[in-house]
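Reviewing the structure listed below.
The values are calculated or read from the model by the stated rules, or taken from the named source; none is laboratory data. Nothing here was measured: the structure is a model prediction, and the numbers come from that model. Neighbour counts run over all protein chains shown; Cβ positions are idealised from the backbone, glycine included. All accessible areas refer to the heavy atoms of the entire protein, side chains included, with ligands and DNA or RNA removed. Shrake-Rupley method; radii C 1.70, N 1.55, O 1.52, S 1.80 Å.
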Amino acid sequence: VGLGKQAEKDHLPALGASDDFKLVGVCDVNEERTSLLAGQYGVPGYATFEQMLEEQKLDVVMLTLPHHAYLEYIRLAAAKGVHVIKEKPFAVSMDEAKQMVEIQHKFGIYIGVTLQRRFNPVFTTFPQLSRHI
């Protein structure tokens, strides 16, 4: 859900190549983008997350949204018992973080945060460099 650059360049290719996950749909408010990526991956495209939740039996959803929008989508997913993987940061405020933890406990879902570049060679060299500073 959310088909910007991060989804297109990182998450969709990884999901498409995964033996552990099955991509069953894509969703974005931009209908042209949704149609393009749905066709590329051979899955249904949805204009609203609510429609996707109604039509698909989801185990987990990958959210790649503007930071201010996550909480609403997490609530929608949690109400259906759908686990969430989201882009960093975990939350934009302490209040939002507390709400997300409450949602996890109330609905028994998992909320995970991606850090997809942590194994990129550029970033893995930082600890080595810091020893020389």
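When region 22-44 is filtered for residues that are among the small types (Gly, Ala, Ser) and either in a helix (DSSP H, G or I) or under 20 Å from residue 108 (Cα atoms) (or both), the ones remaining, listed by number, are 35, 38, 39.
For residue 100, work out the one condition from (1) within 19 Å of residue 12 (Cβ to Cβ); (2) open to solvent by less than 20 Å² (accessible area, probe 1.4 Å) it doesn't fulfil. Failed condition: (1).
When residue 4 is tested against (1) over 15 Å from residue 113 (Cα atoms); (2) modelled with pLDDT of 95 or more, only condition (2) is not met.
Please specify each residue of region 2-15 satisfying the condition of being hydrophobic (A, V, I, L, M, F, W, C) and surrounded by fewer than 16 Cβ atoms within 10 Å (Cβ to Cβ).
Across region 2-15, the qualifying residue is only 14.
Scanning region 79-91 for residues that are surrounded by 13 or more Cβ atoms within 10 Å (Cβ to Cβ) and assigned to a loop (DSSP other than H, G, I, E, B) yields 80, 82, 90, 91. Scan region 45-78 for residues that are in a helix (DSSP H, G or I) and open to solvent by 70 Å² or more (accessible area, probe 1.4 Å) and the total you get is 8. Can you say whether residue 18 is over 14 Å from the mean Cα position of the chain (by Cα) and surrounded by 14 or more Cβ atoms within 10 Å (Cβ to Cβ), as far as the supplied structure shows? Answer is no for this residue.
Of everything in region 69-90 that is without any contact (Cβ under 8 Å) to a residue 60 or more places away in the chain and of a type in the set (Phe, Trp, Tyr), the residue that is farthest from residue 28 (Cα to Cα) is 90. Note on region 1-21: residues that are out of contact with any Cys (no Cβ under 7 Å at 6 or more places or on another chain) and either among the hydroxyl-bearing types (Ser, Thr, Tyr) or part of a loop (DSSP other than H, G, I, E, B) (or both) amount to 7.
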